[in-house]
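Student: The structure follows.
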Amino acid sequence: MCLILDADSTTLVTTLQRINSFRCLVFMANSLGVIGYGRGKGPDSKKALYKAIVQCQQNLIALPIDKNLSVPVPITQRFQDYELQIKPRATFN
């Protein structure tokens, strides 16, 4: 699963021209507890997304999961302006 958290464009205005750049923040996960995030920046949105996906594949980490394929305790982390919350699955009696 790939989730685009943020996609934004910035413009640098100089005396001769305007320089556009794009940035993208991507989060990836699978059902076996492997997650990762990546940031990409480029001259167009396609290259920014590609760079973010490549960096995301290089930054994979493994989460501890229990027998129900869920995290045992809630995990909350902040990254710049973003807050990521991973909550355990509800258990039914």
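The values are calculated or read from the model by the stated rules, or taken from the named source; none is laboratory data. As the structure is a prediction and not an experimental result, all values here were calculated from the model. So basically every Cβ, Gly included, is an ideal-geometry build from the backbone, and we count neighbours across all protein chains shown. All accessible areas refer to the heavy atoms of the entire protein, side chains included, with ligands and DNA or RNA removed. Shrake-Rupley method; radii C 1.70, N 1.55, O 1.52, S 1.80 Å.
Student: Based on this model, can you work out whether VAL71 counts as open to solvent by less than 80 Å² (accessible area, probe 1.4 Å), free of Cβ contacts under 8 Å to residues at least 40 places away in the same chain, outside any strand (DSSP E or B) and in contact with a Leu (Cβ under 7 Å, 6 or more places away or on another chain)? Outline the logic, then answer.
Tutor: Details: open to solvent by less than 80 Å² (accessible area, probe 1.4 Å): yes; free of Cβ contacts under 8 Å to residues at least 40 places away in the same chain: yes; outside any strand (DSSP E or B): yes; in contact with a Leu (Cβ under 7 Å, 6 or more places away or on another chain): yes.
In short, yes.
Student: So in region 1-49, with the set limited to residues that are open to solvent by less than 100 Å² (accessible area, probe 1.4 Å) and in a helix (DSSP H, G or I), which one is farthest from PRO88 (Cα to Cα)?
Tutor: Among residues in region 1-49 that are open to solvent by less than 100 Å² (accessible area, probe 1.4 Å) and in a helix (DSSP H, G or I), the one farthest from PRO88 (Cα to Cα) is SER45.
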